[in-house]
Each structure stands twice: as C-alpha cells, then as structure tokens.
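For reference, the structure is listed below as structure tokens.
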Amino acid sequence: LTIGQQGVYTCRIPLLSGVMREFNIGIYPNGFNTAPKVVAITSNSSLAIICTTTGSPATTVTWTKDGQALTIDGDAYQMTQTVTDRATATYDNALSISQPLTSILGSIFTCRVTNVLGSDDSQNLEITTIGPVNECEANNGGCEHNCTDTHASFQCSCRTGYRLHTDNRACTDIDECSTNNGDCEQICTNTQGSRQCSCRPGFLLASNKMDCTEHLNISISVDYIPPSDFTPGPNEYRAASGPVTVTCTATG
C-alpha cells in the first residue's frame, strides 16, 4: 500500500450457512504529523521531547542521539506513548530526559517509527540552548513573602519576625516573647513580625528599648509668705508668724 491508499478496508467472507462475515481493518502507513519538538521544560534538570507519529498496523518508536541508538533505561531516559487519535492511529511519543541539560547541549535527537510497512525518520532536533526557568516570575513562585530563584528550582523565605510554614510557601509570625521573654527585662508584648518591651509602674524603658530603670519623681512645695524685709538663705525658710506647711509628693 502507498500513502494514497490508506484508509479502512473491509474483508467479506461468505460462510456455508449463507451468512456473510465482515472484518474491518484500518491501514495508515507510518509517518509523522509533526517533527519532534521540545514541549516542556519542567526545571533545569529535565525536559521532554514529543514525537507525534501515525501508523497502522502497530508501530514501534525508537530514538537516536547523535546517530547512536538510545537505551531507554528508565533512568536517564524514559519513554511514554499516548493515543491522541485512535481512528487515525496517531500517537504522541514522549522522550523524557533526566540528566544535567548541559550534558546534552549540541546533541541531535531523532525519532524513528516502524511497522510491517516500513519505517520513517523524523527531522533532526538539535538541543542548542536551554533558557533558565525563573519560577519566581509567576505568582512569586507561590511564596507568601520572598522568592529566590536557584539553579534548578526556587526557594521561599520569610521576612524578619516570621518563619516558613511546613508547606514551604506560607509565613507564620514568630512569638519572640516565648523565648527568653523576647530579651525584655520586664514586660514583653508580641506583635506581627516583632515584639515590644515595656516596664512596670515606677520604671522607665531604657534607650535600648529592652531594659528598665527605676524612676522616682519628687516635688516639694512650701506654703509660706515671707515678710517683705526677709531674705532667706539656701534651703532656709522662716515664718514671720503662724505655721509653715511643707508638701512632699513622690510619684513613680
């Protein structure tokens, strides 16, 4: 058969009983719908090449790298086949490569499909350049706070005062007061992403915002009107007549 003769063929067999038996078979000469192409780069450590083929009866697909047959060992190379159109016997044959991509730069891959009608080779696919994938560019990599692109993946991190959740994406507040009272001498109050120190009555917060210093405010007032010709000395008060009232007030 030639490509122009592909299609569904019917075989009719008359039985002795007079019943006519029919058998249908679809014949589609092997060939390629599209050349192999890189369809997905999941990270900097793996990629997949898809070779779309047609052919009936059943076809087998093999791959070569730089003219040498590839061994599909399930380690460095894996191959899967997916039916895309059963009526026309069209398949997507994916070659997954699990090895450092720098080791295959410049390599040429070829796909061959074969059945009883013959074989056909795809166009050559040369791995020339593989651009890095920055997962942080899409939705911040799913990170709540910070996303850092790495050579083969990405990493989430959190701002000061937060820790990374077990899902490695979200950030949860750290209760600084739960450890050493947040380094506060007296009172520690947890806040989102931080903490705040304060002091008990009678103390003032020191300049380092953690320690407390004792504070006592004393004021003295004297209820006394001296005579017009009296000049008191330092810390001296003398009543012209009647009692003198001295008030001492302390706060703190």
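The values are calculated or read from the model by the stated rules, or taken from the named source; none is laboratory data. Since the model is a prediction, treat every value here as computed from it, not as a measurement. Here the Cβ positions follow ideal geometry from the backbone for every residue, glycine too, while neighbour counts run over all protein chains shown. Areas reflect the complete protein model, heavy atoms only, side chains present, ligands, DNA and RNA absent. Shrake-Rupley method; radii C 1.70, N 1.55, O 1.52, S 1.80 Å.
Taking segment 150-182 as the range and being open to solvent by 40 Å² or more (accessible area, probe 1.4 Å) and in a helix (DSSP H, G or I) as the test, the residues that pass are GLU176, SER178, ASN180, ASN181. Could you identify the single residue in SER198, SER207, SER241, SER228 that is open to solvent by 70 Å² or more (accessible area, probe 1.4 Å) and at pLDDT 90 or above? From the options SER198, SER207, SER241, SER228, the qualifying one is SER207. Restricting ASN180, ASN146, ASN140, ASN134 to those that are within 13 Å of the chain's Cα centre (by Cα) and either at positive phi or touching a residue at least 24 places away in the same chain (Cβ under 8 Å) (or both) reduces the list to ASN140.
Residue-level check: of (1) under 21 Å from GLU126 (Cβ atoms); (2) touching a Gly at 6+ places or on another chain (Cβ under 8 Å); (3) part of a loop (DSSP other than H, G, I, E, B), ALA87 misses just (1). Residues in segment 66-111 that are β-branched (Val, Ile, Thr) and in contact (Cβ under 8 Å) with a residue 60 or more places away in the chain: 2 in all. Taking first residues from segment 188-208 that are closer than 26 Å to CYS158 by Cα and partners that are surrounded by fewer than 16 Cβ atoms within 10 Å (Cβ to Cβ) and hydroxyl-bearing (Ser, Thr, Tyr), the Cβ contacts under 7 Å between residues at least 6 apart in sequence or on separate chains come to THR189/SER198; GLY193/THR160; ARG195/THR189; GLN196/THR189.
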